[in-house]
Each structure stands twice: as C-alpha cells, then as structure tokens.
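The block underneath contains the structure these notes are about, expressed in structure tokens.
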Amino acid sequence: MHPARLTDGDRTEPEKKLGNLLNSSKHTELANHAWSVADLLRGDYKQSDYGKVILPFTVLRRLECVLEPTREKVTATAVEVVGRDLDEDRFLRKASGHAFYNRSSLTLKKIAGDPQNTAKNLQLYVAAFSENAREVLEKYDFNQQIRKLDSAKLLYEVMGRFADLDLRPVLRDAAGNVVPAEDGRPVEIVSNHQMGYIFEELIRRFSEQSNETAGEHFTPREVIKLMVNLLVAPDADALTLSVAVRKILDPACGTGGMLSAAEDHITALNPKARVSAYGQELNPESWAICRSDLMIKGQDPANIAFGNSFSDDGHKREKFDYLLANPPFGVDWKKVEGVVKDEHEQLGESGRFGAGLPRINDGSLLFLQHMLSKMKPVDVHGMGGSRVAIVFNGSPLFTGAAESGESNIRRWILENDWLEAVVALPDQLFYNTGISTYFWILTNRKRIDHKGKVVLLDARDYWQKMRKSLGDKRKELSDKHIRDITLLYAEALQVAADPEHELHGKVKVFKNEDFGYRRITVERPLKLRFEVTAETLEALAEAKPVQRLAQAEEFVAAARVLDGQSWATKSEAFIALKDAVVAAGLLWPSGAPFTKAVRDAVGIRDAEGEVQMAKGSPEPDAELRDAENVPLDEDVEEYLKREVLPHVPDAWIDHTKTKIGYEIPFTRHFYVYQTPRPLAEIDAELRSLEAAIQVLLGEVTE
C-alpha cells in the first residue's frame, strides 16, 4: 500500500471546526423543525409511530424543494404531451432536470391553504409524482397516514409545519435565478450531505422512540468516513485521472450513508469523476430514504433495490469497482435458508455461496461472499478489479472448526489472496452494540508488495469519549484519529518492517498461509485389564448382543461364578468366561459384535493394561483421543515428535481424520502479557478496604 491522499482540503483547522459547527447547527435546526411535529401528534399517535408521519413528510418536502425551480416547466410539458404518441416519462424528466418529477401545479403550501380539501389534494399531489418517487412514499404507507391524520383533524396543521420547512438545495432570488457565492458556485441552503445528516438524525430519534436500535438503520458518520478512506484512498492517483467512472455497491445500504460518503470522497479527489451508486435494503423506510436521496442527487433511483440480498439479488448481472457494507451483526438467515442452500448446492462456485455456508444464526460471511461475487475481474494487463470493505464483529475471524462453513469461506478468501487487511476498531463505536468491531478490506488487485500478505492493524486505542452517549455509542473517532489510522494503514508494510518505529506494535504482517492449520487427530492405544465384578456383570447384562441371546439371564449367571477374579489379558479372560459358560451347559456365541460387547463390559481402562489390537494395529481409545492445530507450514509428524511423544510415547496421528482450517486470531497476535501484581500489594489493598468497610459499618450501627 502507498501513502493515502487525504481529502480534507486546504482549510485551516479553525476553518474546518467552524464549518463543522455551522453544518451541525444547520442540520440540527432543520431536524428539530421537522421533529416538532411530534408535539402535534402526541395523544393521537404512539411515540413509536411519530416517524411514520415525520419521515415521509420530510422526504416529500425535500422532493418538492428540489423540483420547485422547474415545476412550471414540467406542468406545461405535461399539458403538451397529453394525447400525443410520445414518451411522456422521458419528456417530463428532461423538463424537471432530475430523474423524477411531479405533473401537478399543487404544492404543500397551496394544499395547506385549502383546509376543506387537504386530504384529497394531498393524495392528488402524491399521485402526480413519477412512479419512482411515488414508490418511495408508498413504502411509508403514506396514504394510510394521510387518512389517519385527516380523521384526527391533524393533517392541516402537519402540512403547514412542513410547508414552512426550507429544504432547498440552493438559494434562488425572486426571479428564480441561482444566487452565486464569491467563487461562482451556487449558495447551498441544504446540501445533499446535510440532507443525509437530517435524515439520519430523524431516524435516530424515531428509533429511540420506538425502542429500536439506531444501528439497524445507519452507521456513525465518522466510522463511515474511516471505512471509505481505507477503501478508496489507495486508488487516489487513479481517481484523479481526467476520466474516472466508478460504480459502488452497498448490499445492506440502510439510508445510504456509506454510498454518499464514498461518492463524496471520490468527487473530492476528482470533481469530474462520474460515480454511480447502487444498493439494496430490506427495511422499507430506510430503503425509501436512500432512494429519495439518490433521486435528489440526480442518480438513478432504480439502482437502490428493495428486498433481501440473499434471496432476491437486486443486481444479479452487475460488477462494481467498490463494495462496502455494515451488515447486521449475527443476522439470522433461516428465513432464506432454502434459497441460499439451493444456490450453494446447485450452482456451487459459479454461484455466490460456493465457498461454504456459515451457521444459520450468523449470515455475516454470506454478505461477504455476496459482495466478492460482484468484483470486477482483473484482465491480463492487471487492469480492472475491485476493492471491498465490510464491518464485522469478532465472530467471522475465528468461529467454526476446521472444514466448517466459516473456516472454508476464510480458506477460500485467503487462498485467492483477496484479504488485504483486518483493522480492529475501538469498542462502543456503534449505536446498537458496545462490542469490538473490525474492518475487513479485500481486493482482487493487490499491489505487488502486498501480494500473499495480510495486514493486521490495531486501531483500538484511537478514540475519544463522547460528551453524550447515544445508545451503546460512548466513543467516537475524531478527524485526527481518522487521518492517523488512514496514514498508518497506507504505511503498514513499512511500519511492520521497522522495529524502531513508534507504531510498530500496532501493525503485524502475515503470509496468507499463516492463518491456515491442519487439525490433526492424535490417538492413543486402548489399554485394558479384565475383571468380573458386580459393575462389570451389570454392564454385561445391559449389552444389547447379550440381551438378544435366547438364554441371556443364564449366560450372565454363568459368568457370575467368576465374580472377584481378574486377568491381565483378553485371551485369559475369555478362556475363563468360555469355560464357565460351557460348564453351565450353554453355548458360547460367535460374531464380532458379541465379542466386542463382552470385552467392553469386563474390560477396565488401565495405563498398564494390555494394548487392544484391531486388524493388526493398536485400537485407538476414544476417551484419550485429542486434537491439535498444526500450522500449515509445519510437518505434522515433526510436530508430533516435538510436542506430543515426549509426554505420551505411544501416540500416533490418524491421517484419515486430518482437516484443513483457517482462522484469524487477531487478539492473540496483539496480546501483551501483563505481569501480575505482587501478592503482598494485593493483600495490603484488601486489608485497607476491609478497614474502610469496618469504619463505614461502625458509622451505620451508631
């Protein structure tokens, strides 16, 4: 990896802080205005349902503000094309200047001015939107909310509140002309970036009110920024070329925050770059917000598919330059189990899930396989390819034994040399969980100096405490943290190779095969001595081959005469047992199952006992069987000689049971041994605490 190019611009730190403060103040003010509608809804709506009104009205108002400059042109065009054999949709899109439009001359302010017909006019207004915009509002069940508000006599007031919400993307004068700033660019009122913040703030409040987790809907902005930096920054030079066309996918896109951040990062590097954002989302409200956000930005809203990425892939034939996601941690995929298993079994490696299937209660690695299936191939000249970033908890690093679904997926990724790095993040970064999380960065076009290697980067100490916690989120990344981690990532190979570097302990580099191991089965021989006791006679009577004898009780009674006797070898024991049975007038049954049942009943495990043989070889003792993980680059027989035989000289490896596994034990590689405190120091502290407790108890009893 090469040094990353950061895109903070040339502003001074005070200017950046001021800009951030203004942006924060603006989007918070607008979010508060929208959320103030909650005061009107109280009593008629449950708190958990406030968002069902506020979110779609916010979307509707933003669409209206974006379309306002061309509204009259669209209505005029709609009149012109009526009854003519023309592609109405194409003409109206062109007239609006966006991928969506509204045929009506109505506005929220006009509708609010006619209290008697508010509901009817609002429904007509919504119906006049192009299908792609109308579909977004339908996901909110907007017509149902209109009827409910109308029957509660709240629609007029709610409409008025949103009609006053200024969500214009640019400032215009009285003549409708764009007002330019000193640099000639339009003066922004609510930029697309700020609109994303407003949406996210409203969704967070909605989630809190409905007792849900905000993390199900969106990822903290600073986490997204770092993730996009690590994903895109290594391509900074290529992205500055005059013609840069990139396609981005987030298969669990939520409200589209990651897609927006990735687009912003690329266009900051090259304002002329053309970025196409694609996504898929299962939550209808989040999908609606993401789709409306794309419409507002002039992107094709059809690029945001609705549904489950596993069972209904919305982008089957597409390949992408960048893929990123924060899928739900530990998501259960039982609902789509049939579809996923069918694809796995029927399509194999030509499908998305050919590498393996993880356990049913955690589909994290299904998301990753889905994303990897959409990488662009690398041609013979080394051109093409893709980069992938995904947020995981710790489970996908190591869960699953050798040759389990999870292990096989990790093996597939590492043997294809796709895993570039794993970055450990601080805990308590996300709204819905306080656990530690990790970025996995993958690519099928690694740089030459990175081929065959994986970077592990420990960024767990890069955080600052939040002034106010949000759910489980108590920590955040500052801009400096993001810059420092990005630069450390870019210089990881050099830092890892330099023991004198101050951050050497934060980075480790491994070969792909270092994460692989052979799971060997170590066997030890079964050693027995033989006895007839009350316990062994009971075991003999309960053995199924004995119970199936015609004279089972008589057989056990014949053996009982030997109670108290013991033998060192199986042959001696069986001679005595046969003699006793024949003496009782019974026949000694034949057959291997019967012989084994008698041996197991009267045999007692003994380290000094006779080694039991099977087909000329020692029989393994299942109770002494052990398993060991041996690194792939080590000979298993040499490992046995060094680690096992000095302790159990008669052990051997059953090679037929050897399995290949892969895991990434991140924490183990960064573990630093802490010397325990001296016992005297601990004892002194305990005595001090006991004395303090006695003083407090004395005060209570006085």
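The values are calculated or read from the model by the stated rules, or taken from the named source; none is laboratory data. Note that this is a predicted model, so its numbers are computed, not measured. Cβ atoms come from the backbone with ideal geometry, glycine included; neighbour counts cover every protein chain shown.
Residue-by-condition table, conditions (1) in contact (Cβ under 8 Å) with a residue 40 or more places away in the chain; (2) closer than 24 Å to Ser36 by Cβ; (3) aromatic (Phe, Trp, Tyr); (4) in contact with a strand residue (DSSP E or B) (Cβ under 8 Å, 6 or more places away or on another chain):
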| residue | (1), (2), (3), (4) |
| --- | --- |
| Val59 | yes, yes, no, no |
| Val82 | no, no, no, no |
| Phe100 | yes, no, yes, yes |
| Leu108 | yes, yes, no, no |
| Asp114 | no, yes, no, no |
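Looking across the stretch 587-620, just one residue is free of Cβ contacts under 8 Å to residues at least 40 places away in the same chain, surrounded by 13 or more Cβ atoms within 10 Å (Cβ to Cβ) and not in a helix (DSSP H, G or I), and that is Trp588. You will find that of Phe218, Phe199, Phe206, the residue that is modelled with pLDDT under 70 and either of a type in the set (A, V, I, L, M, F, W, C) or part of a loop (DSSP other than H, G, I, E, B) (or both) is Phe218 and no other.
Among the residues of the stretch 621-640, are any in a helix (DSSP H, G or I), of a type outside the set (S, T, N, Q) and in contact with a helix residue (DSSP H, G or I) (Cβ under 9 Å, 6 or more places away or on another chain)? Checked the stretch 621-640: at least one residue is in a helix (DSSP H, G or I), of a type outside the set (S, T, N, Q) and in contact with a helix residue (DSSP H, G or I) (Cβ under 9 Å, 6 or more places away or on another chain). Based on this model, can you work out whether Asp650 counts as within 30 Å of Trp567 (Cβ to Cβ) and either part of a loop (DSSP other than H, G, I, E, B) or among the polar types (S, T, N, Q) (or both)? Yes; evaluated as a whole, the condition is true for this residue. Report whether or not Ile482 is part of a helix (DSSP H, G or I) and surrounded by 15 or more Cβ atoms within 10 Å (Cβ to Cβ). Answer is yes for this residue. Applying the criterion of being within 36 Å of the chain's Cα centre (by Cα) and among the acidic types (Asp, Glu) to the residues of the stretch 123-166, the residue that is surrounded by the fewest Cβ atoms within 10 Å (Cβ to Cβ) is Glu131.
Return yes or no: is Arg359 of a type in the set (Lys, Arg) and either assigned to a loop (DSSP other than H, G, I, E, B) or within 17 Å of the chain's Cα centre (by Cα) (or both)? Against the criterion (of a type in the set (Lys, Arg) and either assigned to a loop (DSSP other than H, G, I, E, B) or within 17 Å of the chain's Cα centre (by Cα) (or both)), Arg359 qualifies. The residue of the stretch 102-122 that is surrounded by the fewest Cβ atoms within 10 Å (Cβ to Cβ), among those that are in contact with a Phe, Trp or Tyr (Cβ under 7 Å, 6 or more places away or on another chain) and part of a helix (DSSP H, G or I), is Pro115. Kindly check whether there is at least one residue in the stretch 597-620 that is under 30 Å from Phe515 (Cβ atoms) and among the small types (Gly, Ala, Ser). No; the residues of the stretch 597-620 include none that is under 30 Å from Phe515 (Cβ atoms) and among the small types (Gly, Ala, Ser).
Considering the stretch 301-319, and only residues there that are closer than 22 Å to Trp418 by Cβ and more than 19 Å from the chain's Cα centre (by Cα), the residue that is surrounded by the fewest Cβ atoms within 10 Å (Cβ to Cβ) turns out to be Arg317. Residues of the stretch 342-399 that are aliphatic (A, V, I, L, M), modelled with pLDDT under 95 and in contact with a strand residue (DSSP E or B) (Cβ under 9 Å, 6 or more places away or on another chain): Val378 alone. Might you let me know whether the stretch 94-111 holds any residue that is polar (S, T, N, Q) and within 23 Å of Ile304 (Cβ to Cβ)? Checked against the condition, which is being polar (S, T, N, Q) and within 23 Å of Ile304 (Cβ to Cβ), the stretch 94-111 yields at least one hit. Exactly one residue among Glu337, Glu349, Glu345 is assigned to a helix (DSSP H, G or I) and closer than 24 Å to Ile441 by Cβ, and that residue is Glu349. Exactly one residue among Arg168, Arg185 is modelled with pLDDT under 90, more than 28 Å from Pro284 (Cα to Cα) and of a type outside the set (Gly, Ala, Ser), and that residue is Arg185.
Looking only at the stretch 689-701, decide whether some residue is free of Cβ contacts under 8 Å to residues at least 24 places away in the same chain, more than 39 Å from the chain's Cα centre (by Cα), part of a loop (DSSP other than H, G, I, E, B) and at negative phi. Taking every residue of the stretch 689-701 in turn, none turns out to be free of Cβ contacts under 8 Å to residues at least 24 places away in the same chain, more than 39 Å from the chain's Cα centre (by Cα), part of a loop (DSSP other than H, G, I, E, B) and at negative phi. Of the candidates Ser478, Ser469, the single residue that is touching a residue at least 60 places away in the same chain (Cβ under 8 Å) and among the polar types (S, T, N, Q) is Ser478. Cβ-Cβ contacts under 7 Å between residues 6 or more apart (or on different chains), taken from a first residue in the stretch 515-532 that is over 27 Å from Ala568 (Cβ atoms) to a second residue that is in a strand (DSSP E or B) and basic (Lys, Arg), are listed as Arg519/Lys659.
For every residue, the table says whether it meets (1) crowded, with 18+ Cβ neighbours inside 10 Å; (2) touching a Leu at 6+ places or on another chain (Cβ under 7 Å); (3) charged (D, E, K, R).
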| residue | (1), (2), (3) |
| --- | --- |
| Thr255 | yes, no, no |
| Ala262 | yes, yes, no |
| Thr267 | no, no, no |
| Gln299 | yes, no, no |
| Tyr322 | yes, yes, no |
| Pro327 | yes, no, no |
| Trp333 | yes, yes, no |
| Phe353 | yes, yes, no |
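Residues that are of a type in the set (A, V, I, L, M, F, W, C) and under 24 Å from Pro220 (Cα atoms) do not occur anywhere in the stretch 333-349. Take the residues in the stretch 565-575 that are surrounded by fewer than 18 Cβ atoms within 10 Å (Cβ to Cβ) and touching a helix residue (DSSP H, G or I) at 6+ places or on another chain (Cβ under 9 Å), then tell me which one is nearest to Glu542 (Cα to Cα). That would be Phe574. Could you tell me whether Gly661 is touching a residue at least 12 places away in the same chain (Cβ under 8 Å), out of contact with any helix residue (DSSP H, G or I) (no Cβ under 8 Å at 6 or more places or on another chain) and surrounded by 13 or more Cβ atoms within 10 Å (Cβ to Cβ)? Judged against the criteria, Gly661 is not a match.
Within the stretch 606-615, the presence of a residue that is over 24 Å from Leu526 (Cβ atoms), of a type in the set (A, V, I, L, M, F, W, C) and at pLDDT 90 or above is excluded.
The strands (runs of 3 or more DSSP E) located wholly in the stretch 385-459 that include 1 or more residues which are in contact with a Ser or Thr (Cβ under 8 Å, 6 or more places away or on another chain), within 30 Å of Gly471 (Cα to Cα) and touching a residue at least 24 places away in the same chain (Cβ under 8 Å) occupy 387-393, 419-424.
Scanning the stretch 219-253 for residues that are within 21 Å of Cys290 (Cα to Cα), among the β-branched types (Val, Ile, Thr) and touching a helix residue (DSSP H, G or I) at 6+ places or on another chain (Cβ under 8 Å), we see that the one that is surrounded by the fewest Cβ atoms within 10 Å (Cβ to Cβ) is Ile224. Of all residues in the stretch 530-538, one or more are surrounded by 15 or more Cβ atoms within 10 Å (Cβ to Cβ) and either assigned to a strand (DSSP E or B) or among the charged types (D, E, K, R) (or both). Of the candidates Lys468, Lys453, Lys511, Lys506, the single residue that is surrounded by fewer than 18 Cβ atoms within 10 Å (Cβ to Cβ) and at pLDDT 95 or above is Lys511. Quick check, is Lys473 within 26 Å of the chain's Cα centre (by Cα), crowded, with 18+ Cβ neighbours inside 10 Å and either modelled with pLDDT under 95 or polar (S, T, N, Q) (or both)? For Lys473, the condition - within 26 Å of the chain's Cα centre (by Cα), crowded, with 18+ Cβ neighbours inside 10 Å and either modelled with pLDDT under 95 or polar (S, T, N, Q) (or both) - is met.
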